[in-house]
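See below for the structure under consideration.
Values quoted throughout were computed directly from the atomic coordinates according to the rules given, and no laboratory measurement underlies them. For clarity, every value in this text was computed on a predicted model and none was experimentally measured. Glycine also receives a Cβ, built like all others from the backbone with ideal geometry; neighbour counts cover every protein chain displayed.
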Amino acid sequence: MKIKNQKSKIKNIVICLLVLSLVLPSLCLAQGLEQPKTMEEAESLGMKILTALPDAVKKIWQTEALPFLLKMWNWAKNIWNNYIGYQVENLWQKFLNLIGKETSPNLKEEFQKEKTEMQKDLWHRFKDLLE
């Protein structure tokens, strides 16, 4: 249901942008703005548009695009955590068992032991260098 709403939002945004792109030139003329007759006038009109464009893009990004992308990310993460992740984990365990590498339930403990041994060894090497 949410995807349907998001698709309709995107559709509405695209339609609004298309309508604006068709109506904007006539709105400029209706406001008493004349088409530029010289290169200098065209340049100043272009600079006005270019200076207003970053703020408009920033506003659209923060109010429309970013919230939409965050909703998509949360949706995908939710799907992964609730439906796909544990199945992939089970398949991975079966694969490891097939090739003969069994995972240890105390893998974190073994890792900590190796880590402390390596740190001790590194400390002794460092002390030997200073002596």
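Points worth noting:
- Point-to-point label distance, L98-K120, nm (Cα→Cβ direction, 7 Å offset): 4.0 nm
- FRET efficiency, I10 to N82 (Cβ-Cβ, R0 25 Å, nearest 0.05): 0.50
- Once the Cβ-Cβ distance of V57 and V19 is raised to the sixth power relative to R0 = 25 Å, the FRET efficiency obtained is 0.85.
- Student exercise, the range 68-121 dipole from Lys, Arg, Asp, Glu Cβ charges, in Debye to nearest 20: 300 debye
- Shown here for the range 40-131: trypsin sites (Lys or Arg not before Pro) in loop regions (DSSP other than H, G, I, E, B) with at most 11 other Cβ atoms within 10 Å, namely K101.
- In this label model, L66 and T38 are separated by 4.2 nm, measuring between points 7 Å along each Cα→Cβ vector.
- Relative exposure of F95, F68, judged by other C-beta atoms within 10 Å (fewest first): F95, F68
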